[in-house]
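The values are calculated or read from the model by the stated rules, or taken from the named source; none is laboratory data. Predicted model, so just to flag it, every value in this text is computed and none were measured. Don't worry about glycine lacking a Cβ; one is built from the backbone with ideal geometry, like all the others, and counts go over all protein chains shown. These area figures cover heavy atoms from the full protein model, side chains too; ligands, DNA and RNA do not enter into them. Shrake-Rupley method; radii C 1.70, N 1.55, O 1.52, S 1.80 Å.
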Amino acid sequence: MKLYSDREQDFAARSEPIERQSTLLWGLGLGALAGASAYALYAARRDRDGLSYRPADSAPGRSAKQSRFGEYAVVGRTVTIDRPRDDLYRYWRNFKNLSGFMENVKSVEPIEEAKGRFRWMIEGPAGTDVRIETEVVSDKPGEEIAWRSLQTSQIDTKGKVSFRDAPGNRGTEVEALIAYDPPGGELGRWIAKLFQAEPALQGRRDLKRFKMLVETGEIATSANRKSDK
Amino acid sequence: MRALTWQGKHDVRVETVPDPEIVNPRDAIIEVTSTAICGSDLHLYDGVIPGVLSGDILGHEFMGRVVEAGPKSTLKKDQRVVVPFTISCGGCFHCKKQQFSACDNSNPAEKQDLTEMQFGHAVGGLFGYSHLAGGYPGGQAEYVRVPFSDVGPIVIPDGFDDDDVLFLSDILPTGWMAAENADIEEGDTVAVWGCGPVGLFAVQSALKMGAAQVIAIDHYPNRLRLARQMGAKVIDYTQTHVLEALMEMSGGHGPDAVIDAVGMESHGFAPDTMMDNVKQAVGIGADGGHVLREAILACRKGGRVSVPGVYGGFLDKFPLGAMMEKGLQIRTGQTHVQRYTKELLHRIAEGEIDTRFMISHRLPLEQAADGYHNFRFNQNDWTKVVLKPNMQPAAG
Ligand SMILES: NC(=O)c1ccc[n+]([C@@H]2O[C@H](COP(=O)([O-])OP(=O)(O)OC[C@H]3O[C@@H](n4cnc5c(N)ncnc54)[C@H](O)[C@@H]3O)[C@@H](O)[C@H]2O)c1
Ligand SMILES: [Zn+2]
Ligand SMILES: [Zn+2]
């Protein structure tokens, strides 16, 4: 399975023992990936042109050419949506809305709303459902929402969505990142299959559907009949 | 309902398929009264555009009567409408800039991956034009589901026949945008390759926009005759050296603007065409580019290249040096139809624009396959085919 392809993780993998990777990932990969500190990491290897290091550029880590295998798979994508930051934040913060545009998410229901705990039902292999229980770990109104899975979850996962003003009154740049530690067995194979061909595919499509829904009030389909949808 | 379906290269059939329904709130269902076959459909018919599946309903030039409108549609039952071939949401960045064919939200998310990989960005949705453009069932059918029906369709007032207004769906705006993209100035010489419907409308539009002379190039006598009738001078490329003639006919200056209204399947026995044909036949995604190459060479220094002709892949031997060294400008794209429908309807009403002259054949929908065959293989006489679902087949 194609895994975390970020220069941040590359850095993490080389500098830390394996067991610390997942904590680091959360800190570096998700916490800082969208932040400025992520762009300041230097790759400490001699490359083709004989340069011993190249300063990191301003691109997000997941677009790096160097890919690395680690414990977590990450999908992420940015899309510009022509709506104010606060509206988008509020729509997303109401987790129940997510199943409206995430293809594989059947429902998201609160367990303990006050603690930001939710139960996600994901369409699983062969008609089974996969249950994920998460809690909100960061909540900055109008800026970002991050969540991580609880012990009771069938999949170890972390996610974060951030909202920034787009330049020139173009609305909001929405960046979503989802990382998960693929479990073994049948479930693991299913997840691998789902994300293998193109790790960013699912996240990318879901974000596009989010954009369609808020910009047009509906999600485009070429189905000619409701039953074909 | 009955609908024209694609089955394979040069194999299209009218079949019975399920009727469409309102699926999304902004949808409307149109009962088709007239629908045309386009040069763009021939690229599908010839199998040179990928992503068409057996059973897909073709057709993107259509008009009809509203039979059902979704809760968020602004249309009303029984209104007569012409529907643009470009499906556009009206609210995204591109639609707001009037770049309707670049709409971000009309191509379903799960269909966007392919063109995103191939072109760097996903294209907008089009009716009946492969799954790359959304896989929307097309208009060569009795009924069509029209998404975003509050944005695209233009309501036609009483007093117009279908034949007057049908081409607002595509080729009339396409010819108009082709001329607009040529940035025509007073006194300009404009050369137009291809005297199919798009080229003929481009000729008419270029003259309206002030070109001093328009030179149209093709090899079908009847199509050249129509171009002449529209006011163009003509070149038959089987009789004449095109580049030399264009220089001579423009005082040694070269045309100020050139329009490629042929696209990826240009004909002729030029060596580059034959090479392109071989590559196209073995399916390595090479477009035929003879006309575009010739147009770039013909264009005067600092001139403009307008490309309404459709391309879908890669072009070999693109004369980039000529483009750069002569400082040419190039503009192209699927037409932003919604940008032009109102103004062009007004011009039709004023009698400024003639739309009927190019219709050579009207057939019942049931005979659509004949229409395709003849529009493809008897191009001289079959200049434009309009299909009518309600027309009775001719006796005998
Ligand atoms: N940009 C858009 O939105 C848009 C819309 C409609 C059509 N189109 C495209 O415009 C093009 C023309 O459409 P049409 O309906 O007029 O098609 P058509 O097939 O009826 O006409 C094409 C004409 O080009 C002529 N031709 C071929 N090779 C030539 C050459 N070497 N030199 C000069 N003429 C040559 C043919 O003889 C024919 O008359 C197609 O590529 C079509 O896909 C684009
Ligand atoms: Zn067309
Ligand atoms: Zn749009």
Seminar exercise, completed: B:E61 passes all but one of the listed conditions (1) at pLDDT 95 or above; (2) surrounded by fewer than 19 Cβ atoms within 10 Å (Cβ to Cβ); the exception is number (2)
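I need the full set of residues from the stretch B:89-106 which are surrounded by 21 or more Cβ atoms within 10 Å (Cβ to Cβ) and either more than 16 Å from ligand 2 (Cβ to nearest atom) or under 21 Å from B:A141 (Cα atoms) (or both), in order please. Steps first, answer last, please.
First, pick out the residues of the stretch B:89-106 that are surrounded by 21 or more Cβ atoms within 10 Å (Cβ to Cβ): B:89, B:92, B:95, B:100-106.
The answer is B:C89, B:C92, B:C95, B:A102, B:C103, B:D104, B:N105, B:S106.
From the list B:A109, B:A69, which one is within 13 Å of chain A (Cβ to nearest Cβ), surrounded by 19 or more Cβ atoms within 10 Å (Cβ to Cβ) and either out of contact with any helix residue (DSSP H, G or I) (no Cβ under 7 Å at 6 or more places or on another chain) or free of Cβ contacts under 8 Å to residues at least 24 places away in the same chain (or both)?
Working: B:A69 fails: within 13 Å of chain A (Cβ to nearest Cβ).
None of the other options fit; the residue is B:A109.
So that you can scan it fast, the table gives a plain yes or no per residue for (1) in contact with a Lys or Arg (Cβ under 8 Å, 6 or more places away or on another chain); (2) buried (at least 24 other Cβ atoms within 10 Å of the Cβ); (3) in a strand (DSSP E or B):
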| site | (1), (2), (3) |
| --- | --- |
| B:G175 | no, yes, no |
| B:D183 | yes, no, no |
| B:A191 | no, yes, yes |
| B:L224 | no, no, no |
| B:R228 | no, no, no |
| B:T240 | no, no, no |
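Given the options B:G124, B:G152, B:G128, name the one that is open to solvent by less than 50 Å² (accessible area, probe 1.4 Å), within 16 Å of ligand 3 (Cβ to nearest atom) and within 11 Å of chain A (Cβ to nearest Cβ).
B:G124
Looking at B:T35, B:T5, can you tell me which residue is within 16 Å of ligand 2 (Cβ to nearest atom), open to solvent by less than 20 Å² (accessible area, probe 1.4 Å) and in contact with a strand residue (DSSP E or B) (Cβ under 6 Å, 6 or more places away or on another chain)? Lay out the reasoning, then the answer.
Numbers: B:T5 fails: within 16 Å of ligand 2 (Cβ to nearest atom).
Criteria check complete, one pass: B:T35.
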Problem set entry | Residue list for the stretch B:116-130, filter: more than 16 Å from ligand 1 (Cβ to nearest atom), in a helix (DSSP H, G or I) and of a type outside the set (S, T, N, Q) | B:E116, B:M117
Seminar exercise, completed: Selection over the stretch B:294-341 where residues are of a type in the set (G, A, S), more than 16 Å from ligand 3 (Cβ to nearest atom) and within 19 Å of B:F167 (Cα to Cα) yields a count of 1
Exercise. Among the residues of the stretch B:18-32 satisfying the criterion of being at the interface with chain A (Cβ under 10 Å from one of its Cβ atoms) and open to solvent by 30 Å² or more (accessible area, probe 1.4 Å), which is farthest from ligand 2 (Cβ to nearest atom)?
Worked result: B:P25
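Name the residue that is surrounded by the most Cβ atoms within 10 Å (Cβ to Cβ), counting only residues in the stretch B:382-396 that are out of contact with any Lys or Arg (no Cβ under 9 Å at 6 or more places or on another chain) and in contact (Cβ under 8 Å) with a residue 40 or more places away in the chain. Quick ask: steps written out before the conclusion?
Just the residues of the stretch B:382-396 that are out of contact with any Lys or Arg (no Cβ under 9 Å at 6 or more places or on another chain), to begin with: B:384, B:390, B:392-396.
Then keep just the ones that are in contact (Cβ under 8 Å) with a residue 40 or more places away in the chain; that gives B:384, B:390.
Values: B:K384: 25, B:N390: 11.
In this case the residue turns out to be B:K384.
Please find, among B:D11, B:D104, B:D113, B:D46, the residue that is away from ligand 1 (no atom under 16 Å from the Cβ), of a type in the set (D, E, K, R) and within 24 Å of B:T383 (Cα to Cα).
Details: B:D104 fails: within 24 Å of B:T383 (Cα to Cα); B:D113 fails: within 24 Å of B:T383 (Cα to Cα); B:D46 fails: away from ligand 1 (no atom under 16 Å from the Cβ).
From the options B:D11, B:D104, B:D113, B:D46, the qualifying one is B:D11.
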Seminar exercise, completed: Exception for B:P147 within (1) surrounded by fewer than 19 Cβ atoms within 10 Å (Cβ to Cβ); (2) more than 16 Å from ligand 1 (Cβ to nearest atom) falls at (1)
Seminar exercise, completed: Scanning the stretch B:72-106 for residues that are of a type in the set (A, V, I, L, M, F, W, C) and more than 11 Å from chain A (Cβ to nearest Cβ) gives B:L75, B:V81, B:V82, B:V83, B:F85, B:F100, B:A102
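What about B:Y136, is it within 14 Å of another protein chain (Cβ to nearest Cβ), more than 15 Å from ligand 1 (Cβ to nearest atom) and out of contact with any Pro (no Cβ under 6 Å at 6 or more places or on another chain)?
On the way: within 14 Å of another protein chain (Cβ to nearest Cβ): yes; more than 15 Å from ligand 1 (Cβ to nearest atom): yes; out of contact with any Pro (no Cβ under 6 Å at 6 or more places or on another chain): yes.
Judged against the criteria, B:Y136 is a match.
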Exercise. Could we say that B:C89 is within 25 Å of A:N169 (Cβ to Cβ) and assigned to a loop (DSSP other than H, G, I, E, B) here?
Worked result: yes
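Checking the condition under 20 Å from B:F167 (Cβ atoms), without any contact (Cβ under 8 Å) to a residue 40 or more places away in the chain and open to solvent by less than 10 Å² (accessible area, probe 1.4 Å), which residue from B:A206, B:A216, B:A202 passes? Spell out how you get there, then give the answer.
Values: B:A206 fails: without any contact (Cβ under 8 Å) to a residue 40 or more places away in the chain; B:A202 fails: without any contact (Cβ under 8 Å) to a residue 40 or more places away in the chain.
Of B:A206, B:A216, B:A202, the one residue that is under 20 Å from B:F167 (Cβ atoms), without any contact (Cβ under 8 Å) to a residue 40 or more places away in the chain and open to solvent by less than 10 Å² (accessible area, probe 1.4 Å) is B:A216.
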Problem set entry | From the options B:G51, B:G39, B:G47, residue that is within 13 Å of chain A (Cβ to nearest Cβ), closer than 30 Å to B:M264 by Cβ, in contact (Cβ under 8 Å) with a residue 12 or more places away in the chain and away from ligand 3 (no atom under 16 Å from the Cβ) | B:G51
